[in-house]
Amino acid sequence: MRRIAVVDAPSNLGLRPPTATSVPGCAKAPGALRDHGLLTRLGARDAGCITPPRYDPAGWQPGDGVAQAAEIAVFVRRLADRIGSILAQGDFPVVLGGDCSILLGAGLAMRRHAATLDGRVGLVYVDGHSDFRHEGNASYVGAAAGEALALATGRGQANLASIEQRRPYFRDVDVVLLGIRTHDEYRLDLQAAGIVARAVPELRSNGAARSAQWARDQLRDCAGYWVHVDVDVLDPAVMPAVDAPDVGGIAYRELEILLSNLVADPRCVGVQVTVFDPDYDPDGRYAAEVTDVLVAGLEPLVTSTALVASDTMFPVSGGPVPGFPVSAPPVSAPPLRVPAPPTVTPPRVPDSAFAAVGHSSVDEAVEVAAIIDDGPDPSPDRDEPDIPPEPDVQSEPDIQSEPDIQDELDIQDEPEAEADPEPEARFEPDRLEPEARPEPEALRPQPEEPRPEPEEPRPEPEEPRPEPEELSVVARTRGRVYGTEARTSALQGLDLAIPAGLRGGAARTDAADGTPDGPQENARGRGKRRTGPLLSPFVPAQPASREPSDDDTPESPLSDVVPAARTPIDDEQTKPAG
């Protein structure tokens, strides 16, 4: 596994001065992180420091292009050479910046390294800002740190974007942004360029680990990728020591998970850390936090390196490798006490057991037992309470063969059949199975007799119901079929009687004379309902009693369909004579 090699890139050439008489402090970041034991905790190799040119932006005016572009180009070449030498030795470069303009040195080194990988190298840009300002979307450019991604993707002046005619250092489709703010002013330009990005809200909703996996999936066509980490991706509440803090960032733990999942991929070529400014950290508190984040984030590399080192010093065959210098013996640890396995004492065999077979000692009995293979147990009186002694085959009583399972089922199905006592079968030494016994006839399965199906009860004819002797006039006239012309004409003016309780407001009558109160309207033929309330309770019509006469017409089959009605002919018949 590759060993970590830390190289310092303390350049602040890509930043504007904080004041007219001051210099950006991010050039002090590598020293502050080293003071907190970063190299020791990582077990990393010190790959030195690339000294930048003097910071002097005096005389720059808007429209002059990128400030200090010539000095930045010189530093970029030096840094690319150092990264290339680290990769040539098979190590994993960790670059401590510095501002974001050091990305150009890593990009140039990746462009050179792509030839050895036989494929393209991508970029995972973990930053709170897109750094995508260029002459195509801004009125002027000046600070290279705010234009680092645009220059690395080939946008900008040629002396920075096309060093050694290697424009672009990273293709647009090979770039992934993580951690930018939702209000970034260049998000639309990123989308138009085809550069994918995941802002902080989306990163948090999906989780840091899944976002790192998503970034790796976007670069699946690349042979490797470089990781850029700007500490201003953290929220200013936890990391205010940056040159341009912006609200809405992520937490320390989220950055650790992102970095750990990104470097765990074998395709990860290297990492750079930028924009931490110790001038805003007088007590070193935030430098310690950044150091802890880097140690936790690079832990997959540290663990793998430690395992490889231990295998190299002490291989499986044992002993140190000849010629491998061991500076100091390993620290002796207290011996590990392993409890001895419990001693199992076999149960003592009484001497009577050996006397039964004619041996006087245990050793002779063991030798005899090794010769005898399948003989009977010579010691029936052995003291083994858990396992009962097996009786001798010769002393076994007569064996009764068990009844067949089918016979038992037949006995359960036919309890009335009495089975004859089964003949006893004796064990014969030359025959292992008892003789087959004849099956009693009573136990043989009998064919089932067809059961007669029950006959369905036939419906009895209904007897005609006797009609009551006395029928009301209304009941006798229901549904009659009149054969005479007079009765037919009388039906045309038929007025069906409606109980008073069903008429609602139309059924109100005068209490004095019993006549209807007001004009009544027969609404039954219109299919409408009265809206008046039900003023009187429902009282069914009482049939008038009358003596039956000989000229009464018999009941019609339509008597159950046509409602009861009263005709003028019935009124004439009910009038008393005289």
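The values are calculated or read from the model by the stated rules, or taken from the named source; none is laboratory data. This is a predicted model, so every value here is computed, not measured. Backbone-built Cβ (ideal geometry, glycine too); neighbour counts: all protein chains shown. Quick note on the areas: whole protein, heavy atoms, side chains included, nothing else; ligands and nucleic acids left out. Shrake-Rupley method; radii C 1.70, N 1.55, O 1.52, S 1.80 Å.
Let's test the formula: R0 of 41 Å, r as the Cβ-Cβ distance of C49 and T182. What FRET efficiency results, to the nearest 0.05? Walk me through the numbers on the way to the answer.
On the way: r = 37 Å, r/R0 = 0.91.
So the FRET efficiency works out to roughly 0.65.
If you take the square roots of the eigenvalues of the alpha-carbon gyration tensor of the range 1-125 and sort them as a ≥ b ≥ c, do you get rounded (a/c under 1.5), prolate (a/b over b/c) or oblate?
Numbers: a/c = 2.69, a/b = 1.39, b/c = 1.93.
Oblate.
If you count, for each residue, the other Cβ atoms within 10 Å and average over each peptide, how do 186-195, 4-13 line up from highest to lowest? Before the final figure, lay out each step's value.
Working: 186-195: 16.1, 4-13: 25.2.
In decreasing order of mean packing, 186-195, 4-13 become 4-13, 186-195.
Estimate the FRET efficiency between W60 and T303 by the formula 1/(1 + (r/R0)^6), using the beta-carbon distance for r and 56 Å for R0, to the nearest 0.05. Don't skip to the end; give the middle numbers.
Details: r = 47 Å, r/R0 = 0.83.
E(calc), rounded to 0.05, equals 0.75.
Using a 1.4 angstrom probe, figure out how much accessible area the range 163-211 has per residue, in square angstrom, rounded to the nearest whole.
For the range 163-211, the per-residue accessible area is 50 Å².
Lys and Arg at +1, Asp and Glu at -1: add these up for the other residues within a Cβ distance under 10 Å of V121 and post the number.
Details: positive: R111, R112, R120, R171, R267; negative: D174.
It works out to a net charge of +4.
Hey, what did the range 1-50 get for relative contact order, percent, Cα under 8 Å, at least 6 apart? Can you show the working numbers first?
Numbers: 50 pairs, mean separation 29.0, N = 50.
Relative contact order, the range 1-50: 58 percent.
With a 1.4 Å probe and all protein chains left in place, how much of the accessible area of the range 200-246 comes from carbon and sulfur atoms, in whole percent?
Working: 800 of 1850 Å².
So the carbon and sulfur contribution to the accessible surface is 43 percent.
L151: accessible area at probe 1.4 Å, nearest 10 Å²?
10 Å²
Write out the GluC sites (Glu not before Pro) in the range 85-192 meeting two conditions: DSSP loop, and at most 16 other Cβ atoms within 10 Å of their Cβ. Could you put the intermediate results ahead of the total?
On the way: sites: E135, E147, E164, E185; in loops: E135, E185.
Sparse-neighbourhood loop GluC sites (Glu not before Pro): E135, E185.
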